[in-house]
């Protein structure tokens, strides 16, 4: 049974690390003006939050800790709330439809 627990914790760690890194990279590639236009925290703010979340998960190596859970929640908030708002904005100001 111990090996099952180890595999489960490894899967949680890999999943949480992938989630936080995805949020961090996505925050880096989005245009800064989109964050302001969507009424969200600035791009450097979200890049710092998601980058710190990725570092916490890497450092703790367990997302089920006192610092790991808020890190995962921060990445989820970015991916569920901020990313769709920033991604939904069109580039440029020429909307003719």
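The values are calculated or read from the model by the stated rules, or taken from the named source; none is laboratory data. Since this is a predicted model, take the numbers as computed values, not measurements. Cβ placement follows ideal geometry from the backbone for every residue including glycine, while neighbour counts extend to all protein chains displayed.
General remarks:
- Within segment 31-55, the set of residues being buried (at least 21 other Cβ atoms within 10 Å of the Cβ) and over 12 Å from the mean Cα position of the chain (by Cα) comprises just one member, 35.
- Note on segment 36-59: residues that are assigned to a helix (DSSP H, G or I) and at pLDDT below 95 total 2.
- Selection from segment 60-92 of residues that are within 22 Å of residue 10 (Cβ to Cβ) and assigned to a loop (DSSP other than H, G, I, E, B): 61, 62, 63, 64, 65, 66, 67
- Filtered residues of segment 16-30 (kept if free of Cβ contacts under 8 Å to residues at least 12 places away in the same chain and surrounded by 13 or more Cβ atoms within 10 Å (Cβ to Cβ)): 18, 25
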